[in-house]
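Structure, as structure tokens:
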Amino acid sequence: MEDNKKDIIILAIESSCDETSIAIVKNGREVLSNVISSQIDIHRAFGGVVPEIASRKHIEVIDIVLDEALEQANKTLNDIDAIAVTYGPGLVGALLVGVSYAKSLAYTLKKPLVPVHHIEGHIYANYIEDKELEPPFISLVISGGHTHIVCVEDYGKFKILGKTRDDACGEAFDKVARTIGLKYPGGPEIDRLAKLGNKYAIDLPRVMIDTDNYDFSFSGLKSAVLNFVNKSNMTNTPFKKEDLAASFQQAIADVLVFKTIKACKENNLKILALAGGVSANSFLRQSIQNACDKEGIKLCVPSLKLCTDNAAMIGCAGYFEYLKDNFANLDLNAYPNLKLENIIN
């Protein structure tokens with residue numbers, strides 16, 4: 001920003017699932033602090049996130065996370081210009097903790113309340129990682145609940161080119177991991193195990209890879225893995241978990257890479273940005289990087305801490321919404337099934 005313009009300090013809150021996170025972000029792209037309190041160890045015993053436990057844990061730690069975020073940023077609440085918060089999608093109880101907390105801060109401090117779409121935040125993590133990144137570009141959003149190919153036409157302006165017809169790829173990772181006896185969360189476990197396996201050992205389907213659109217489907221692949229495991233068990237035919245993990249991961253990568261590169265080429269865009277928790281997968285990153293190198297496409301990938309749920313990305317998105325005076329009233333609610341198409345404007 002120009003020297004004669006005031007810095008904008010956003011306090012951002014993220015509580016859509018099982019991470020309680022608060023960040024202080026300056027001018028959208030400079031992260032002064034990004035504190036994350038994860039609940040993974042708590043939910044691992046149950047094989048997945050338990051919504052009621054997640055909500056209660058957010059309530060327990062959110063004050064502590066706020067204090068730490070302010071301390072790390074060397075700021076006080078009086079330095080804050082606006083409060084940004086994830087209002088959807090996510091677990092409704094978890095979202096309500098963050099939204100209620102944000103509303104109380106906005107009311108007490110008499111500061112604007114900025115509503116942020118969780119997936120918009122994931123896309124905007126790339127603006128933090130790459131300070132020179134500007135729209136337009138293609139974004140591949142891959143997470144536990146979403147698989148989207150998005151054309152980012154401008155700040156806050158998105159065109160959905162394709163999305164999953166059923167399961168998100170992150171959900172498929174978790175279900176397949178559970179099928180072969182890996183602990184929660186399944187994505188990192190499959191990533192680790194697949195490095196030891198033969199990715200061509202087991203023939204698995206590449207669903208919808210040959211369709212003339214950008215949509216995905218992962219339920220068939222998930223079922224194919226389950227059927228393979230059941231058949232192997234019934235016939236006492238041993239298989240290597242490493243080979244199954246590697247073959248599954250390759251099947252996912254083949255479809256994601258093909259459709260995403262197709263979207264870049266057919267929309268004449270030479271920049272691709274990954275977003276969402278599954279973009280932390282090392283094999284997917286490398287597979288997409290190889291394809292981008294071949295096609296002359298610049299690939300933007302957030303650091304691992306910015307791939308998973310965090311408040312810094314919400315602060316970045318909140319800054320650009322702040323510039324548009326996109327503020328919410330104190331009757332802002334949580335929307336667990338919020339679509340990217342339904343961003344408040």
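The values are calculated or read from the model by the stated rules, or taken from the named source; none is laboratory data. These numbers were taken from a predicted model, which means no experiment stands behind them. Neighbour counts are summed over all protein chains in view; Cβ atoms, including those assigned to glycine, are modelled from backbone coordinates with ideal geometry.
General remarks:
One line per residue, one yes/no per condition, for (1) under 30 Å from Asn126 (Cα atoms); (2) in contact with a Leu (Cβ under 9 Å, 6 or more places away or on another chain); (3) at pLDDT below 95:
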{"residue": "Lys195", "(1), (2), (3)": "yes, no, no"}
{"residue": "Asp210", "(1), (2), (3)": "yes, no, yes"}
{"residue": "Ser219", "(1), (2), (3)": "yes, no, yes"}
{"residue": "Asp254", "(1), (2), (3)": "yes, no, no"}
{"residue": "Lys259", "(1), (2), (3)": "yes, yes, no"}
{"residue": "Asn268", "(1), (2), (3)": "yes, no, no"}
{"residue": "Ala275", "(1), (2), (3)": "yes, yes, no"}
{"residue": "Asp293", "(1), (2), (3)": "yes, yes, no"}
{"residue": "Ser303", "(1), (2), (3)": "yes, no, yes"}
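- Residues of segment 78-132 that turn out to be among the acidic types (Asp, Glu) and in a helix (DSSP H, G or I), as a count: 3
- Scoring Ala168 on the criteria (1) out of contact with any Lys or Arg (no Cβ under 9 Å at 6 or more places or on another chain); (2) more than 18 Å from Leu338 (Cβ to Cβ); (3) not assigned by TED's automatic domain parsing to the domain that holds Val31 leaves a single failure, condition (2).
- In segment 69-110, residue farthest from Lys324 (Cα to Cα) [restricted to those that are among the acidic types (Asp, Glu) and in contact (Cβ under 8 Å) with a residue 40 or more places away in the chain]: Asp79
Rundown of residues vs (1) hydroxyl-bearing (Ser, Thr, Tyr); (2) assigned to a loop (DSSP other than H, G, I, E, B); (3) under 20 Å from Leu91 (Cβ atoms); (4) not assigned by TED's automatic domain parsing to the domain that holds Leu109, yes/no style:
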position: Cys17; (1), (2), (3), (4): no, yes, yes, no
position: Ile22; (1), (2), (3), (4): no, no, yes, no
position: Val31; (1), (2), (3), (4): no, no, no, no
position: Ile36; (1), (2), (3), (4): no, no, yes, no
position: Phe46; (1), (2), (3), (4): no, yes, yes, no
position: Lys57; (1), (2), (3), (4): no, no, yes, no
position: Glu60; (1), (2), (3), (4): no, no, yes, no
position: Leu70; (1), (2), (3), (4): no, no, no, no
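- Residue satisfying condition, being in contact (Cβ under 8 Å) with a residue 40 or more places away in the chain, assigned by TED's automatic domain parsing to the domain that holds Gly145 and part of a strand (DSSP E or B), within set Leu274, Leu269: Leu274
- Among the residues of segment 45-74, not one is among the basic types (Lys, Arg) and in contact with a Lys or Arg (Cβ under 9 Å, 6 or more places away or on another chain).
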